[in-house]
Amino acid sequence: MTSIPGTDNITWSDEQTRFFLQLRLDENLKGNIRKQMVNEAGRQAIVDKFYEAFGIKIPWRKFGIKYNTCKKQYESFKKLTRNRTGLDFDSTGFINMSEDWWNERCKKCTPALLLDSMILLF
């Protein structure tokens, strides 16, 4: 995880993202999350365990931002793959489909839908 100079943005590695999401799932199973809100005990546990694993102390607000970003990315992924069978993924998790498949998906993206997707991604 690195900070972007001149901002308070943090660049997360895939490993850190997976670890955080697993911590959040664990806290949900413990009952420390109600209606998507993490209680104080859950927040402190996530911050402390993340620090133990990576040696980086970051404020809870950054975890909330990361969770919201992941949620938006997942929603975009679901829209892209909805009602599609035979999808192929490479070792990094990227969709590995033919040019025809991508062209078909792009035809269905009107400018309004594309703008909606862009808002979700950025």
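The values are calculated or read from the model by the stated rules, or taken from the named source; none is laboratory data. If you're wondering where the values come from, they're calculated on a predicted model, not measured in any experiment. Positions of Cβ are generated from backbone atoms using ideal geometry, with glycine treated the same way; all protein chains shown enter the neighbour counts.
I need a count of the residues in the stretch 24-40 that are in a helix (DSSP H, G or I) and exposed (fewer than 12 other Cβ atoms within 10 Å of the Cβ).
Step one: filter the stretch 24-40 for residues in a helix (DSSP H, G or I), giving 24-29, 40.
Checking which are exposed (fewer than 12 other Cβ atoms within 10 Å of the Cβ) leaves us with 25, 29, 40.
Counting residues in the stretch 24-40 that are in a helix (DSSP H, G or I) and exposed (fewer than 12 other Cβ atoms within 10 Å of the Cβ) gives 3.
Answer yes if at least one residue in the stretch 93-100 is modelled with pLDDT under 80 and among the aliphatic types (A, V, I, L, M), and no otherwise.
Taking every residue of the stretch 93-100 in turn, at least one turns out to be modelled with pLDDT under 80 and among the aliphatic types (A, V, I, L, M).
Cβ-Cβ distance below 8 Å, separation of 6 or more or different chains: which pairs start in the stretch 11-33 with a residue that is without any contact (Cβ under 8 Å) to a residue 12 or more places away in the chain and end on one that is aliphatic (A, V, I, L, M)?
Hits for this filter: 11/1; 11/4.
Taking only pairs six or more apart or across chains, which ones have beta-carbon atoms under 7 Å, a first residue in the stretch 88-107 that is among the charged types (D, E, K, R), and a second residue that is surrounded by 10 or more Cβ atoms within 10 Å (Cβ to Cβ) and not in a loop (DSSP other than H, G, I, E, B)?
Final answer for the pair search is 105/80.
Given the residues 36, 44, which is the only one that is outside the structural domain of residue 92 (by TED's automatic domain parsing) and at pLDDT 90 or above?
44
Give the stretch 8-23 a look and list any residue that's touching a strand residue (DSSP E or B) at 6+ places or on another chain (Cβ under 8 Å) and assigned to a loop (DSSP other than H, G, I, E, B), or say none.
9, the sole residue that qualifies.
Checking residue 57 against (1) at pLDDT 80 or above; (2) outside any loop (DSSP other than H, G, I, E, B): exactly one of these is not met. Which one?
Condition not satisfied by residue 57: (2).
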